[in-house]
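Only one structure is covered here, and it is reproduced in the block below.
Values quoted throughout were computed directly from the atomic coordinates according to the rules given, and no laboratory measurement underlies them. The shown structure was predicted, so the numbers you read here are calculated from the model rather than taken from an experiment. Counting neighbours? That spans all protein chains shown, and the Cβs are built from the backbone with ideal geometry, glycine included.
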Ligand SMILES: NC(=O)c1ccc[n+]([C@@H]2O[C@H](COP(=O)([O-])OP(=O)(O)OC[C@H]3O[C@@H](n4cnc5c(N)ncnc54)[C@H](O)[C@@H]3O)[C@@H](O)[C@H]2O)c1
């Protein structure tokens, strides 16, 4: 049985990763501090659900201060997904970004070095490291973060790559805007769906013509598991969804699912937001045999159905959509 340690196990992506790892027969030590980046109860509930499996063991601790060494015994792979995500609050809360993204990553690397340098380390980085670089973003191209969040992820990613030069087996994945069931409350799709279901206006930063390479969470976790299974080390790899669409298009899809028009209000662009993102997936294809499987229509359908159940909506009929994860 494969023994893995997942940091950020109670998070949006981390909890999906744990679900799939458990399905594939892994035994998991999940670490999470249930930080205050959003309602900690939401993270705690996901971890509690995972703990129903005898193969999931939860450690509630902050990576910046925990003695991780004793949990690494017998571990084959560490999936390091813990971090403070989100661009906007990084302008005001940088000390927390520094601790959760930079210090925590340093601690994970150092613990692996001390305990067992053969442990494979897969870490979550972000398309935010590219900033406003020309699309499509290639791994060897310029990195020009435009937010403290982007800088903190770039710094963490560099530590992951440097560690490979010191003999560790590491890989960093640059995730592109991830969506799907359990999405974080600060993220666009969830905010849009919640407001649309409640028949409230949707506030958009900017004119809605900004485009993103949206990636369905199931594709992300498949790629993450694949990165734990190959031996290539010292690489950063883009993981995009292959669905590059504008916010306006996303809103039209939600409108179609809702079956009524939604009240959209456009405002100024937010600091730290970039105009376009798009992943060159050649390296992901070559190294991880990765190609995204979920279309934006399917993916939003699953997220819509999931949040419809969570938030409820008497006025929307249907509900035949299958809730996936
Ligand atoms: N969601 C996206 O679109 C996206 C895009 C690019 C990169 N990422 C990266 O993917 C990872 C997961 O993102 P997410 O959207 O699931 O976020 P999330 O906030 O839902 O999950 C992160 C989890 O890490 C935990 N955590 C944070 N700091 C910790 C610490 N010091 N010690 C222990 N646990 C800690 C949090 O409590 C949380 O449960 C993050 O590293 C994020 O930067 C996410």
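Its relative contact order, with pairs defined as Cα atoms under 8 Å and 6+ residues apart, puts the chain at 17 percent. Rg/Rh, computed from the Cα trace of segment 166-217 with Rh as the Kirkwood radius, has the value 1.16.
Among 120, 265, 3, which comes first, then next, by fewest other beta-carbon atoms within 10 Å? The partial results should precede the final answer.
Numbers: 120 21, 265 8, 3 15.
Ascending number of Cβ neighbours within 10 Å: 265, 3, 120.
Our note on the geometry: Cα centres of segment 104-176 and segment 224-291, 18 Å apart. Using only Cα atoms and rounding to the nearest 10 degrees, what angle (0 to 90) does helix 247-258 make with the longest principal axis of the chain? Value to nearest ten degrees: 70.
So what's the gap between the Cα centers of segment 178-206 and segment 1-58, to the nearest angstrom? Each part's Cα centre sits 24 Å from the other's.
Neighbour counts of other Cβ atoms within 10 Å put 246, 170 in the fewest-to-most order 246, 170. For the chain, the longest principal axis of the C-alpha atoms and the axis of helix 148-165 are separated by about 30°. Counting only DSSP H runs of at least 4 residues, each contributing -39500 (n - 2.57), and dividing by the residue count of the chain, the helix-based mean residue ellipticity at 222 nm comes to -11000 deg cm²/dmol. Kindly give Rg over Rh for segment 129-170, based on alpha-carbon atoms, with the Kirkwood expression for the hydrodynamic radius. Across segment 129-170, the Cα-based Rg/Rh ratio is 1.05.
Computed over segment 1-145, the convex hull of the alpha-carbon atoms projects to a mean area of 9.5 nm².
Note on segment 3-44: semi-axes of the ellipsoid equivalent to its C-alpha gyration tensor, largest first and rounded to whole Å, are 20, 10, 6.
How many percent of all Cα-Cα pairs in segment 205-261 sit more than 13 Å apart?
Values: 1125 of 1596 pairs.
Summing the P(r) of segment 205-261 above 13 Å gives 70 percent of all pairs.
Given in Å, the Rg to one decimal and the Dmax to the nearest whole number for the Cα atoms of the chain are 19.0, 58.
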